[in-house]
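The values are calculated or read from the model by the stated rules, or taken from the named source; none is laboratory data. As the structure is a prediction and not an experimental result, all values here were calculated from the model. Virtual Cβ from ideal backbone geometry, glycine too; neighbours counted across all protein chains shown. SASA here: full protein model, heavy atoms, side chains in, ligands and nucleic acids out. Shrake-Rupley method; radii C 1.70, N 1.55, O 1.52, S 1.80 Å.
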Amino acid sequence: MSRIERFLPRRHLTQVSPNATPAQGNPSDLPNPDEAPAIAVEDLCKQYRTHWAVDDVNFIVPKGWTVGLLGGNGAGKTTTIAMIMGLVVPSFGRAMVLGHDMATERHKVLSRMNFESPYVALPGRLTVRQNLMVFGRLYGVANLKARIEELIEDFELGDVLDRVTGRLSAGQKTRVAVAKALINDPEVLLLDEPTASLDPDRAEWVRSRLRAYQKRRGATILLSSHNMTEVEQLCDFVVIMSHGRVVAMGRPRELAERFKCRDLDEVFIYLARVA
Amino acid sequence: MTQSLNRIAAMTARYYYILRSSSLRLLEIIYWPAMQMLVWGFLYTYLYDSKSAMASTAGLLLGAVLLWDVLFRGQLGFTFTFLEEIWSRNLANLMMSPLQPFELAASLMLMSLIRLVIGTLPVMLLTFVLFGFNVFAMGPGLLAFFLNLVLTSWAIGLIVAGLVIRQGFGAESLAYSIMIVLLPLCCVYYPVAALPLWLHPVAWSLTPTYVFEGMRAVLLDGTFRTDLMIECLALNAAYLGMGFTTFVALLQSARHKGGLLTMGE
């Protein structure tokens, strides 16, 4: 039994489909999942008064993998990611990143990770250059000017560099936010709907940059998205949540086969209705 | 240590960029203290010329106005700089970065000091030019008064910032209103003796009371009350410690409540 399988919440999987089985296989083109994981979510729960936003969630993200966290609105994705970031303290269970409990030891690992979310903005009154400088210094980036130059080139930010961030278009803001998320060359990258406000062309452009970064750095990426095409393109593995629980997980193609669906989009809709 | 200083410098630079980006904001820092000083200044002129019994104490009024402004603007500078993070929905970015709470607090303190110098120095100059009242005539005591008032303003600013993190925008109005509660109790314009006896312990538990009593001692008797300033400094150290502890506790409470990610929405 692989490490991933041990963390599968069988109880919920069975509720969704009697045919549902954990992901199989250990392909040679991916890092070994039996290594210490980059992210380990263990019995994670979050209760707000009487409501369980996250209810007994377990999964791991092996180092170097890109894992998609999917689910409809209110499924518990953002709360789960917030607990992995240490912004929210779990009611029970724990979220570990690079071996550190994010509720109690987050300061030991924050410089090795970063995140991007459309719900969190960069200071709008600062120019793009000023924002990158400030966050670069906060993360203690060595050779900051050179790193910013790299990001300017990678994300084609040259023409907006001295413009005020708040006055950029949604697409430009996303590019700047992703550039900020990569400023410290993070080992672990958390992305909350990274292409939410982009047109298909720009979204594909951002995905290509993320793929290139992941390949170059060997980074671990956990992303939440409503865009199933994006998830199929980027993710090695997918965790689907509904009503605060994990209802299925596996490789995108395996999930489609398992639920006898054409693609992940159909799996998502099927699970949203059944679970 | 170096990394810590670097992060404090980064945050201070961030706030400085904002300040520099808007001349209106810069003007606003000077505008309110200047307007207040003009009103009280003209009253001072009237009292000074009136040969009334109050004329001899007219200088106390301007001294009190100036020092009260140090306390009030110090706290506003601290809190408003922090609120900038809430308004720009940037708090989660900061909380996810390696920035430690004490580093954030230190940068807010630095910025409060910068705003205070920008806002207060021109007004002090204006007071001298227009009304002939030289606040620097208080001598080295002025530095002690300034230091103690600034420390108090930071302690209160930390608590207000913590409450905003914990309670959200509902607590934002505290930024404007909390100092007004202190105004009658810390005896800005009158001595402690003017308060009813049962309020004396309350007044003496507030650090600004020591400063304003100290100021009156300098302006009326020409004596600098070292004892008052030392007591005030000790109290301030305790209040600053309590302020920071409260800030961290409220921050931790917000992490339990789950409000940090959506703060500002």
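Worth a mention:
- Members of the range B:234-253 found to be among the small types (G, A, S) and either away from chain A (no Cβ under 14 Å) or open to solvent by less than 40 Å² (accessible area, probe 1.4 Å) (or both), listed by number: B:A234, B:A237, B:A238, B:G241, B:G243, B:S253
Condition check ((1) modelled with pLDDT under 90; (2) within 26 Å of B:R166 (Cα to Cα); (3) open to solvent by less than 10 Å² (accessible area, probe 1.4 Å); (4) more than 13 Å from chain B (Cβ to nearest Cβ)) across all residues:
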| site | (1), (2), (3), (4) |
| --- | --- |
| A:K46 | no, yes, yes, no |
| A:K63 | no, no, no, yes |
| A:L69 | no, no, yes, yes |
| A:G74 | yes, yes, no, yes |
| A:I81 | no, yes, yes, no |
| A:V88 | no, yes, yes, no |
| A:R94 | no, yes, no, yes |
| A:A103 | no, yes, no, no |
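- If only residues of the range B:193-233 that are open to solvent by 60 Å² or more (accessible area, probe 1.4 Å) and under 20 Å from B:L151 (Cβ atoms) are counted, the one that is nearest to the chain's Cα centre (by Cα) is B:L233.
- When A:G166, A:G171 are checked against the criterion of being within 12 Å of chain B (Cβ to nearest Cβ) and under 26 Å from A:H226 (Cβ atoms), A:G166 stands alone in meeting it.
- If the condition is being of a type in the set (A, V, I, L, M, F, W, C), under 27 Å from B:F136 (Cβ atoms) and touching a residue at least 60 places away in the same chain (Cβ under 8 Å), then the range B:70-121 contributes B:V70, B:L71, B:F72, B:L76, B:F78, B:L110, B:M111, B:I114, B:I118.
- The sole residue among B:L113, B:L142 that is more than 30 Å from A:I84 (Cα to Cα), open to solvent by 50 Å² or more (accessible area, probe 1.4 Å) and not in a loop (DSSP other than H, G, I, E, B) is B:L113.
- Cβ pairs under 9 Å, 6+ apart, first in the range B:254-265 and more than 7 Å from every other protein chain (Cβ to nearest Cβ), second modelled with pLDDT under 70 and assigned to a loop (DSSP other than H, G, I, E, B): B:A254/B:M263
- Test: B:L163 is hydrophobic (A, V, I, L, M, F, W, C), assigned to a helix (DSSP H, G or I) and open to solvent by less than 40 Å² (accessible area, probe 1.4 Å): no
- The numbered conditions (1) part of a helix (DSSP H, G or I); (2) over 16 Å from the mean Cα position of the chain (by Cα); (3) free of Cβ contacts under 8 Å to residues at least 12 places away in the same chain; (4) under 26 Å from B:I230 (Cβ atoms) are all true for B:Y190 except (1).
- Filtered residue count, the range A:235-264, keeping only those that are touching a Leu at 6+ places or on another chain (Cβ under 9 Å) and assigned to a helix (DSSP H, G or I): 5
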